[in-house]
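Read-outs: derived from the displayed coordinates by stated rules, not from any lab. Computed from a predicted model, the values in this text were never measured in an experiment. All Cβ positions, glycine included, derive from the backbone under ideal geometry; neighbour counts span all protein chains shown.
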Amino acid sequence: MKIKVRTDGFEGYKVRALARAKKIDRKERIEPEISITFEDPIAMARILTVQRLRLLEQVRTKGASISDLAKTLKRDTSAVTKDVRKLESVKMVKVQDRVNPGHGKVKFVVAAAKEYQLTTVL
């Protein structure tokens, strides 16, 4: 499944929703996707910082624990945790509790999709 990230706000969302409704009326097949729409490019830049994009790239093909991500990205664990929460709030990553034998549970981060498509409208 793809995640499409757009920056055309409510107006763009409205156009896409209407087109999707027309396809449904015509009984056309609709490809499943997750769509994230930001109000403008600045709003997107507040969420998709360079550090968060690096984190997203790390978990896109293979998930990792937050502590492993912190080591790989050479960042503080608390900063990675905050970034994971922010990306989880916009549905770009999923966090799972996994058993870590002999050590309790660990937070494991996986990408919500293997492919991301960014579309910016200026």
Give, rounded to the nearest 20 debye, the magnitude of the charge dipole that the stretch 27-122 has about its Cα centre when Lys and Arg contribute +1 at Cβ and Asp and Glu contribute -1 at Cβ.
420 debye
Contour minus end-to-end for Val110 and Glu57, with contour as 0.36 nm per residue of separation and end-to-end as the Cα-Cα distance?
18.0 nm
Using a Gaussian network model of the chain with C-alpha springs under 10 Å, which one of Lys23, Lys107, Lys82 is most mobile by mean-square fluctuation?
Lys23
Pop out the Kirkwood hydrodynamic radius of the stretch 2-119 from its pairwise C-alpha distances, inverse of mean 1/r, in Å to one decimal.
15.8 Å
With springs only between Cα atoms under 10 Å apart, run a GNM on the chain and tell me which of Arg75, Arg52, Arg20 wobbles the most.
Arg20
Which of Gly9, Ala113, Leu87 sits closest to the plus end of the dipole of the chain, meaning its Cα is farthest towards the positive end, when Lys and Arg get +1 and Asp and Glu get -1 on the C-beta?
Ala113
Take every DSSP beta bridge with both residues inside the stretch 2-119 and express the antiparallel ones as a percent of the total, to the nearest 5.
45 percent
The summed charge of the Gly63 Cβ neighbourhood (under 10 Å; Lys/Arg +1, Asp/Glu -1) stands at +3
Given springs between every Cα pair under 10 Å in a Gaussian network model of the chain, which of Val95, Val80, Val15 has the largest fluctuation?
Val15
Kindly flag which residue pairs out of Lys74/Lys107; Lys14/Lys94; Lys23/Lys94; Lys22/Lys94; Lys27/Lys114 have an alpha-carbon separation exceeding 25 Å in this structure.
Lys14/Lys94; Lys23/Lys94; Lys22/Lys94; Lys27/Lys114
Could you tell me the center-to-center distance, by alpha carbons, between the stretch 84-112 and the stretch 1-65 in angstrom?
21 Å
Could you bin all the Cα-Cα distances of the stretch 1-58 into 5 Å bins starting at 0 and give me the percent of pairs in each, rounded to whole numbers?
4, 16, 19, 23, 16, 10, 7, 4, 1
Nearest 0.05, what FRET efficiency do Asp68 and Lys22 give at R0 = 35 Å with Cβ-Cβ as r?
0.15
Treat each spin label as a single point 7 Å out from the Cα along the C-beta direction, and report the Glu11 to Asp97 distance in nm.
4.6 nm
